[in-house]
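Below is one structure, written out as structure tokens; comments come after it.
Derivation of every value follows stated rules applied to the coordinates shown; laboratory data play no part. All of these numbers come straight from a predicted model, not from anything done at the bench. Glycine also receives a Cβ, built like all others from the backbone with ideal geometry; neighbour counts cover every protein chain displayed.
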Amino acid sequence: MKTAIITGGTSGIGLAAAKIFLAEKYNCVLVGRSLSKFEKARAELVGNFEFIAGDVGRIYDCRKIVVRAIEKFGGVDVLVNCAGIYTEGAITGVTEKDFDEIFNTNVKGTFFMSRAVFDEITKRRGCIVNVASDAGIKGNYFCSLYAASKGAVVAFTKSLALEMASFNVRVNCVAPGDTLTPLTLNQLKNSGESVGDLEKLYPLGRIGKPEEVAEAIYFLASEKASFITGAILSVDGGLTA
């Protein structure tokens, strides 16, 4: 049985991905900072899974997560770097603390989780799927810090795909648009906008569902995507088109 580590796996897109991997008979390691979020999500999960508390912005935690996953399930075949945080606002309001918080989770976490799992993934010829954003492709107004972090994930994905190709390891990325997750709902609450306001921006007339992004993640991790690496798959209802 294969094993997947999913960071940010206790809510939103990460939790939706965990449900799909579990349904496909994977062992799943859900990584998050909040035990209470996991306890809330537990009832929605069916299969072999383990929660490992950790902050992917800390290199020690990245190593710990991989070691414990191997101890529990005997190996790691798939890494899904889904942990992420969002912020928006003018560059003049961004503090060093804001910068470090966003980049530690979105970039450093993605980078060092991939580094921590490198030996295991190459040994088992597994794959890595990162989660970026439409903002990492085209930029968003009043979103320079977040867009920069997700743009880094896009560039990292392409570079790591080239580096790992000789090991027969694939590295890909999904770039979701706005998706109906707790992160998006919190964003709307802070901005005073509604879901309907966002939907007007999308050619398909709505925002995404976590399950739709999760299906794209699973596809990229599956054998159906065996000749795909270094790809950035937009799951955004036509927004970046």
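Annotation: of all residues in the stretch 162-199 being part of a strand (DSSP E or B) and among the polar types (S, T, N, Q), the one that is nearest to Ala225 (Cα to Cα) is Asn172.
Note on the stretch 102-130: residues that are in a strand (DSSP E or B) and either farther than 16 Å from Ala69 by Cα or without any contact (Cβ under 8 Å) to a residue 12 or more places away in the chain (or both) amount to 2.
Just one of (1) assigned to a helix (DSSP H, G or I); (2) within 18 Å of the chain's Cα centre (by Cα); (3) small (Gly, Ala, Ser) fails for Ser133. It is (1). Apart from one condition, Gly151 fits all of (1) under 18 Å from Gly237 (Cβ atoms); (2) touching a helix residue (DSSP H, G or I) at 6+ places or on another chain (Cβ under 7 Å); the exception is (1).
With a requirement of 2 or more residues that are crowded, with 22+ Cβ neighbours inside 10 Å, the strands (runs of 3 or more DSSP E) lying completely within the stretch 18-81 that satisfy it span 27-32, 78-81.
Return a yes/no flag: does the stretch 2-22 have any residue that is more than 18 Å from Val129 (Cα to Cα), within 19 Å of the chain's Cα centre (by Cα) and touching a residue at least 24 places away in the same chain (Cβ under 8 Å). Checked the stretch 2-22: no residue is more than 18 Å from Val129 (Cα to Cα), within 19 Å of the chain's Cα centre (by Cα) and touching a residue at least 24 places away in the same chain (Cβ under 8 Å). Restricting the stretch 181-238 to residues that are in contact (Cβ under 8 Å) with a residue 40 or more places away in the chain and among the acidic types (Asp, Glu) leaves a set whose member that is nearest to Glu88 (Cα to Cα) is Asp236.
Do we find a residue being closer than 28 Å to Val78 by Cβ and surrounded by fewer than 18 Cβ atoms within 10 Å (Cβ to Cβ) anywhere in the stretch 190-207? Checked against the condition, which is being closer than 28 Å to Val78 by Cβ and surrounded by fewer than 18 Cβ atoms within 10 Å (Cβ to Cβ), the stretch 190-207 yields no hits at all.
Comparison of Thr87, Thr92 shows that the only residue that is of a type outside the set (Gly, Ala, Ser), surrounded by fewer than 22 Cβ atoms within 10 Å (Cβ to Cβ) and assigned to a loop (DSSP other than H, G, I, E, B) is Thr87.
Before we move on, is Arg115 charged (D, E, K, R) and within 18 Å of the chain's Cα centre (by Cα)? Spelling it out, Arg115 is indeed charged (D, E, K, R) and within 18 Å of the chain's Cα centre (by Cα).
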